[in-house]
2 protein chains.
Amino acid sequence: MRISELAATTGVTIPTLKYYLREGLLHPGATESATRATYDDSHVERVRLVRTLVDVGRLSIDRVREVVSALEHPPATRHELLGTAHDVLRGPEQAAHDETVGGIAPEALEQLASLGSPPCSDSPAARQLGLALTAATTAGWPIETETLRVWATAMRSVAERDVRAELGAVSPADALRYAVIGNVLTDPVVIALRRVAQEQVSVEVVTG
Amino acid sequence: MRISELAATTGVTIPTLKYYLREGLLHPGATESATRATYDDSHVERVRLVRTLVDVGRLSIDRVREVVSALEHPPATRHELLGTAHDVLRGPEQAAHDETVGGIAPEALEQLASLGSPPCSDSPAARQLGLALTAATTAGWPIETETLRVWATAMRSVAERDVRAELGAVSPADALRYAVIGNVLTDPVVIALRRVAQEQVSVEVVTG
């Protein structure tokens, strides 16, 4: 298809598509002549991926480029793959911020250990958790270990829906896409479900 | 205490404190003379609140002002109070974004209904959930109703720790502070727990 058809199919304007091409977010089409290229379904899929990361995930263009690059050269093992996905999702602002706040507090390390050792204690996810616990404690809002345990159990059942056996069969690139897009799109759903549940519990506590 | 002591106690510089005073984020101290004012524990607490909202919650100054204003004039009922907290937490960028994406898709409304009616179907939380479900569907990533049900059950147990009976006894302003700060500080913990659990489940799926 021509670029005009790609625009019509994806709902993204031609100037934006050209910007994605220049920025390396979208792979070049097959060149027909000096001024004409054709695009296929892989371009439609890529444009949708970029839009989701930008619109829903609020990822910067630099971070989208990292995702695209990781998809083109996916890590070999599933574990590295989740680490890559989680690292990308943390975002550059978050990463820069984490650098400034210093390390993980000793209390947070103890709490991490109390959850049972994560498979890789220096994974992006474990570090993100340690920093989030540290930030809460620093703000005078330490999280009780019992609360953390209840939350961990709850998020375990969320994760069991996220990571399913059948995903072992897909290609590394598809698994990475699943991990990144799945989290980008569903983190807001999980947080919104928390808010709705707070309203429900609150009404019950008051009227019950 | 003088402003220099307020700075030393909170770790926030005097120019930043003066900025908070000008912006109405910090209430004025008691005036001793034209050039001298004294501050008390309420100022220390307010500065810590503002820092948490800015540093951890990444709220804009305008949004922090909304929180402060809501704390000074808290809604009368607990239900309105949670609505106010959730509305503030949604953030102006999110609110502006939600306006542009149009309404909640019919499929998302059906899924909302399948969760059991939330206490107030047009609450900020229910609307946030509907929009998050719509965004996932639009991106070609519809969430299965069974998955949503499992997640809702999990977030219900998170919310039961969030909203506890003893909170009914605190003042509306304290309850609002609890709802805003609690969510700002612990949303990142909950999401990080999801990532850690994904790594744990992933290892078990591969090796189990």
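The values are calculated or read from the model by the stated rules, or taken from the named source; none is laboratory data. None of the values given here were measured: they were computed from a predicted structure. Positions of Cβ are backbone-derived with ideal geometry, glycine not excepted, and every protein chain shown enters the neighbour counts.
Quick look at the values:
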item	result
Filter result for the condition that a residue is surrounded by fewer than 21 Cβ atoms within 10 Å (Cβ to Cβ), at pLDDT below 85 and more than 19 Å from the chain's Cα centre (by Cα), over A:VAL170, A:VAL101, A:VAL150	A:VAL101
Of the criteria (1) of a type in the set (A, V, I, L, M, F, W, C); (2) outside any helix (DSSP H, G or I); (3) away from chain B (no Cβ under 14 Å), which one A:LEU71 fails	(2)
Restricting region A:1-60 to residues that are on the phi < 0 side of the Ramachandran plot and among the basic types (Lys, Arg), the residue that is surrounded by the fewest Cβ atoms within 10 Å (Cβ to Cβ)	A:ARG22
Condition broken by B:PRO75, with the remaining ones in (1) in contact (Cβ under 8 Å) with a residue 40 or more places away in the chain; (2) surrounded by 20 or more Cβ atoms within 10 Å (Cβ to Cβ) satisfied	(2)
Candidate set: region B:27-63, residues that are within 14 Å of chain A (Cβ to nearest Cβ) and farther than 18 Å from B:ILE14 by Cα; chosen: the one modelled with the highest pLDDT	B:LEU53
3 or more residues within 24 Å of A:THR186 (Cα to Cα): qualifying helices (runs of 4 or more DSSP H) within region A:1-64	A:41-55
Residue count for region B:132-147, restricted to those that are within 8 Å of chain A (Cβ to nearest Cβ) and modelled with pLDDT of 85 or more	6
Qualifying positions in region A:28-45 - free of Cβ contacts under 8 Å to residues at least 24 places away in the same chain and under 28 Å from B:THR134 (Cα atoms)	A:ASP41, A:SER42, A:GLU45
In region A:128-138, the residues that are among the aliphatic types (A, V, I, L, M) and either out of contact with any Lys or Arg (no Cβ under 9 Å at 6 or more places or on another chain) or closer than 16 Å to B:TYR178 by Cα (or both)	A:LEU131, A:ALA132, A:LEU133, A:ALA135, A:ALA136
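Table: residues versus (1) hydrophobic (A, V, I, L, M, F, W, C); (2) over 30 Å from A:ARG177 (Cβ atoms); (3) without any contact (Cβ under 8 Å) to a residue 12 or more places away in the chain; (4) touching a Gly at 6+ places or on another chain (Cβ under 8 Å).
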position	(1), (2), (3), (4)
B:GLY140	no, no, yes, no
B:MET155	yes, no, yes, no
B:ALA159	yes, yes, yes, no
B:ALA179	yes, yes, no, no
B:VAL189	yes, no, yes, no
